[in-house]
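The values are calculated or read from the model by the stated rules, or taken from the named source; none is laboratory data. Everything quoted here is computed from the prediction, not taken from an experiment. A quick note on method: Cβ atoms are made from the backbone with ideal geometry, for glycine too, and the neighbour counts reach across all protein chains shown.
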Amino acid sequence: MDKGTHGRKDRLIKEERHDSYRQKEKLPEPSRCGDCGVLYANGRWTWAEPPEKSHLTTCPACRRIADHYPAGTIKLGGFFYDQHRDEIWNLIHNTEKQEKQERPLERIMDFTDADGQTEVRTTGVHLARRIGEALSRSYHGEFSFQYGDGDKSIRVQWHRE
Ligand SMILES: [Zn+2]
C-alpha cells in the first residue's frame, strides 16, 4: 500500500471514530444508559427518572470514558495553581456539577499530573471551555483555547504563576 492511500485510510478511521460518539443512529425511546443511568427520551439526554420499561444502551459519554477518548483537555499549571489546588479543584467540580445538570453528556473523565502540570480530560467540549472560563473569571491568569476537528474537540490551557 502506498503512503497516500494509507494516510487517507487513517483519516477515514479517525472520522468514523469521532462520529460514533454522535448519536447518528436512531436510538429507541426511551433508552437509559446501563452505566450512568442517563435517560434518552424526546430526542435528548436528561437525568429524568427512567420509566420502568426503557431500552438499555451505553451513552456517548460513557463510551468515551470506556474508550479513553476525550473531547476536551484542560492543561493547568503555574505556581499559583500549585499553591491553590484545593480551592481550584472545588471550582472545577462545581462547574462540572452545574454543567452536567443541563448537559448530561458533559463530564470530567479523569486527570493526570506530570511535571507540575495537570491535564484534565472531559467527555464534552462545552464543559472544558466552561472550566477554563470559570478559572479565568475567578483567578485571572492566562486562559486560552483552540477547537479542533471542526467543533468536535477542544484544548484549553489555564496557567497562573
Ligand atoms: Zn452513560
Inset, instruction - Return the residue satisfying two criteria in turn: it lies in the stretch 50-66 and is within 11 Å of the ligand (Cβ to nearest atom) and basic (Lys, Arg), and of such residues it is nearest to ARG32 (Cα to Cα). - result: ARG63
Inset, instruction - Filter the stretch 127-142 down to residues that are in a helix (DSSP H, G or I) and either outside the structural domain of GLY78 (by TED's automatic domain parsing) or surrounded by fewer than 18 Cβ atoms within 10 Å (Cβ to Cβ) (or both), then give me how many there are. - result: 5
Inset, instruction - Go through the stretch 67-88 and count every residue that is in contact (Cβ under 8 Å) with a residue 12 or more places away in the chain and either within 16 Å of the ligand (Cβ to nearest atom) or not aliphatic (A, V, I, L, M) (or both). - result: 14
Inset, instruction - Only strands (runs of 3 or more DSSP E) wholly contained in the stretch 55-122 count here; list those with 2 or more residues that are surrounded by fewer than 16 Cβ atoms within 10 Å (Cβ to Cβ), at negative phi and over 13 Å from the mean Cα position of the chain (by Cα). - result: 55-57, 108-114
Inset, instruction - List every residue pair whose Cβ atoms lie under 8 Å apart, where the two residues are 6 or more positions apart in sequence or sit on different chains, the first residue falls within the stretch 52-65 and is outside the structural domain of HIS126 (by TED's automatic domain parsing) and of a type in the set (D, E, K, R), and the second residue, located anywhere, is assigned to a loop (DSSP other than H, G, I, E, B) and within 11 Å of the ligand (Cβ to nearest atom). - result: ARG64/THR123
